[in-house]
Amino acid sequence: MEVLVDDPLSTCLLWIAQSNGVATSRDAIVDGLPLLDGRLAPSVFPRAAERAGFTARLARQDLLRLNELLLPCIALQRGNKACLLERVDAPSKKAWVRFPELDMQLQEVELDAFQANYSGVVMYCRADFRLLEKHDTGAKRTLASRGHWFWSVIRENRVLYRDVLVAAFFINLFALAMPLFVMNVYDRVVPNHATDTLWVLSFGAVILICGDLLLRMLRGWFVELAASRADTRLSALIMERVLGMRLEHSPASIGSFASSVNGFEAVRSFIGSMTVTALLDLPFFLLFVVIIMVISWVMAIPVLVGAALIILYALSVQARMRQLSEVMSKASAQRSSGLIESLSGIETLKSFNATSRMQSNWEQSTRFLCACSGKLRMLGNSVGSGASWVQQMVAVCMIIVGVYLVIDGQMTQGALIAAYMLSSRAMAPVSQTASLLTQYYQAATALASLEQLMANGQERSADKPLVSRPKLRGEIELRNVSFKYPGDEREVLRDVSLHIRAGERVAILGRVGSGKSTLEKLILGLYQPTAGTILVDGVHLAQFDPAELRRNIGYIPQETRLISGTVYENVTLGVDNPERQRLHEAIEISGLKGLVGAHADGLGMQVGEGGSRVSGGQRQTIAVARAVMPDSSILLFDEPTSAMDSTLENHVTRALGQFSQGKTLLLVTHRTSLLALVDRLIVMDGGRVLADGPKQSVLQALEAGTLQKVAP
């Protein structure tokens, strides 16, 4: 088991997993999670525990009141430390603890000494129950399913929404105070000159008004707190799904994909305070109508008719609004795609005087979006304006009807005013709900796009147990592997079978488009073969956790892309707590020493977005340093020196020759100078293996022209 003193929470979780028979590794539980200075933070711990098959809960607990049935648990200590608490014995004042600093060996410590460093917070971990595959119904193997990605997060805040509902009940109850106060003043106080009664009623009304203010503030705070929690959780979940998505499901257009992700803003806006308030207030419409009917059933008729008119009109425009929302969503995605394409290819556009085309596309998209948006706003405004008009007409009708009732002696003046005030209070949530219906389809369209995103296949499945292999030997085998990219009928690889022994150094040669780079991507686990099997150290590739597999592979892609940041951040990408000695070795091997040595900022030099501030050759030196930094047992290099000058290439070739000794090297190249690194050559053509053998034998066959090309 990995014992990491610098990451105590990960170490404790791995020990719990191992004691429960769960094979996992630190790479598997923390990959893609936001780490704090390279270590697992308490706030992220439940998500890491979920990956290992556990449900975790944080609790503030006194050591002497711990439930022994829930032990062992993780105790948080001061100074960002943690340990595994096995047992507490109050009579003897002893505690049995496992510290990461002591290789998780069971230690007996004094309870008082342990209490001095105890932060007061523990983490309980419970193993999730999983159905055996033979009992699986095909839906979810985990009984402790988290449910729908969106609604389950909303349900997590049900306690807050319960408090909001209670507050809404009393707010609407207090809303009766003013109408009843006015009715009693007009009907009893004024005719009888009862000033004492006036002050008593006024005092009660003031108390209720102040209570209403307090409850409204609390309701707003609860709603915003629930929305903020849901927003944070959902945003993290969406990003985690995006980063964990299998590349087979990657979108054809990054701009459209980004637009779908940004659509969460519409969903977040819709679930905000206005929506919750309107939906919770809407049921109380019936309460106000009933009270109006108690005053006079005739007075309730305008309110019911007005509410029906507002809702019916709002529903009548929904079909058109849904159509416009869907069209706007697609048009917005298309415009975003054009913007990102223009920004990423700005040099090409300027070099070939093609900016006019992109400008024209942008303006056409903008005009179309403005037209659709204008129509959508007009429909929304018509609903809002119509609701306001109906509300005023209801008020006029109530006054007219009320006056006749007062004249006939069926109602008092106070009752008329009270009924009028109650009608305004009853119509308010109806109008708000009608306005919300105009926003519904924008949020629904955005949610549908996010549903597609969340349904995409993930590299890591919680339902499938994975093999934990922290260190690989480097044996690679392909058995009848075929592959074609999604949406493309042409097979890039066709029935490829290879066996590369651990420590063997192999080069793959072939024409452009023969499948060389794709082969390395399949071994890296970026794509899954459409047919056949890939084995690493005799284990099916699908059984490895992706992060653990890639930790054992040093990879240089054909197209080097750097992340925005410093040279240091790019070289140490994916390496936690990099050793200084390894960093210097990587810089020396890659030839990066000349670049960082000549710059005033050294390793702190900014490379720009995608590496835009450095040349192609400099990007490759950083890529080489990044690949050799982890000292992996498998090296997958794709044209590692294609952009380098001859001097730098010779240096890198010599350095890689020494570095790759004892490692499995798979080198894709068109340069004969790099063949000095390998002992075996594989020639590919048309997605098939054309030749495979010792380097000299294959080179002689190539020179003699005895290798036949494969028909496409």
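Rounded to the nearest 500, what is the 222 nm mean residue ellipticity of the chain from helices alone, with -39500 (n - 2.57) per DSSP H run of 4+ residues and division by all residues? Working shown, then result.
Details: 25 runs with 367 residues, N = 712.
Taking each H run of at least 4 residues, the total per residue is -17000 deg cm²/dmol.
For segment 151-455, what class follows from the C-alpha gyration tensor (a ≥ b ≥ c being the square roots of its eigenvalues): rounded when a/c is under 1.5, otherwise prolate if a/b is larger than b/c, else oblate?
Details: a/c = 3.50, a/b = 2.19, b/c = 1.60.
Prolate, since a/c reaches 1.5 and a/b exceeds b/c.
Compute the projected area of the convex hull of the Cα atoms of segment 8-135, averaged over all viewing directions, and report it in nm² to one decimal place. It would help to have the intermediate numbers written out before the result.
Numbers: hull surface 34.0 nm².
The Cα convex hull of segment 8-135, projected and averaged over all directions, gives 8.5 nm².
How much net charge surrounds Asn552 when only the other residues with a Cβ under 12 Å from the Cβ of Asn552 are counted, with Lys and Arg +1 and Asp and Glu -1?
For residues surrounding Asn552, the net value is 0.
Given Cα positions, please report Rg to Rh for the chain, the hydrodynamic radius being the Kirkwood one. Mind dumping the intermediate values first?
Working: Rg = 34.4 Å, Rh = 31.5 Å.
Looking at the chain, the ratio lands at 1.09.
Based on alpha-carbon positions alone, could you give the equivalent ellipsoid semi-axes of segment 316-392 from the gyration tensor, as √(5λ), descending, whole Å?
Numbers: eigenvalues 285, 23, 13 Å².
Whole-Å semi-axes of the equivalent ellipsoid: 38, 11, 8.
Measuring from label point to label point, each 7 Å out along Cα→Cβ, what is the Gln18 to Ala455 span in nm?
Distance between label points: 4.2 nm.
Along segment 67-83, what does the Karplus equation 6.51 cos²θ - 1.76 cosθ + 1.60 (θ = phi - 60°) give for ³J(HN,Hα), rounded to whole Hz, x for Gly and Pro?
After applying 6.51 cos²θ - 1.76 cosθ + 1.60, I find 7, 4, 5, 9, 7, x, 9, 9, 9, 7, 10, 5, x, 6, 10, 8, 8 Hz.
Assuming 0.36 nm per residue, please report the length gained on full extension of the stretch Leu225 to Tyr161 beyond their Cα-Cα distance.
Numbers: separation 64, 0.36 × 64 = 23.04 nm, distance 1.00 nm.
Extending this stretch completely gives an extra 22.0 nm.
To the nearest 10 degrees, how steep is helix 695-704 against the longest Cα principal axis of the chain, on a 0 to 90 scale?
The two axes meet at around 80 degrees.
So what are the ³J(HN,Hα) numbers for segment 172-183, from phi and the Karplus equation (6.51, -1.76, 1.60; θ = phi - 60°), rounded to whole Hz, Gly and Pro as x?
Rounded to whole hertz, the list is 6, 5, 5, 5, 6, 4, 5, x, 5, 4, 5, 4.
Check which residues have an amide H placed less than 5 Å from Ala82's amide H, if you skip close sequence neighbours.
Gln77
Would you please name the trypsin sites (Lys or Arg not before Pro) within segment 503-568 that are DSSP coil residues with at most 15 other C-beta atoms within 10 Å of their C-beta?
Working: sites: Arg505, Arg511, Lys516, Lys521, Arg550, Arg551, Arg561; in loops: Arg511, Arg561.
Here the sparse-neighbourhood loop sites are Arg511, Arg561.
Filter the cross-link list Lys521/Lys663; Lys471/Lys521; Lys350/Lys593; Lys350/Lys375 down to pairs whose alpha-carbon distance in this structure exceeds 30 Å.
Values: Lys521/Lys663 18 Å; Lys471/Lys521 20 Å; Lys350/Lys593 34 Å; Lys350/Lys375 36 Å.
Table pairs above 30 Å Cα-Cα are Lys350/Lys593; Lys350/Lys375.
DSSP beta bridges in the chain, what fraction antiparallel, as a percent rounded to 5?
On the way: 48 of 67 bridges.
Bridges in the chain that DSSP calls antiparallel: roughly 70 percent.
If N is the number of residues in segment 476-704, what value comes out of its Cα radius of gyration divided by 2.2 N^0.38 Å? Don't skip to the end; give the middle numbers.
Working: Rg = 17.6 Å, N = 229, 2.2 N^0.38 = 17.3 Å.
Compared with the compact-globule rule of thumb, segment 476-704 sits at 1.02.
For Asp685, enumerate residues with amide H under 5 Å from its amide H, sequence gap 5+ or separate chain, H modeled in the peptide plane.
Under 5 Å from the amide H of Asp685 lie the amide H atoms of Leu690, each far enough along the sequence or on another chain.
In whole Hz, with x marking every Gly and Pro, tabulate ³J(HN,Hα) for segment 658-670 from phi via Karplus 6.51 cos²θ - 1.76 cosθ + 1.60, θ = phi - 60°.
Whole-Hz 3J(HN,Hα) from phi for segment 658-670: 6, 5, 7, 4, x, 10, 7, 10, 10, 10, 9, 7, 10.
What distance in nm lies between label points placed 7 Å from Cα along the C-beta direction at Leu198 and Lys471?
My value for the distance between the label points is 9.2 nm.
I want to check the label-to-label distance for Arg320 and Arg87. Put each point 7 Å from Cα in the C-beta direction and report it in nm to one decimal.
Going from the Arg320 label point to the Arg87 one covers 7.6 nm.
Determine, for Met393, Met605, the number of other Cβ atoms within 10 Å of each Cβ, and report the residues in order from fewest to most.
The most exposed by this proxy come first: Met393, Met605.
None of the figures in this text is laboratory data; all of them are computed from the coordinates on show. What you see is a predicted model; the values in this text were computed from it and never measured. No Cβ is skipped: glycine too gets one built from the backbone with ideal geometry, and neighbour counts run over all protein chains shown.
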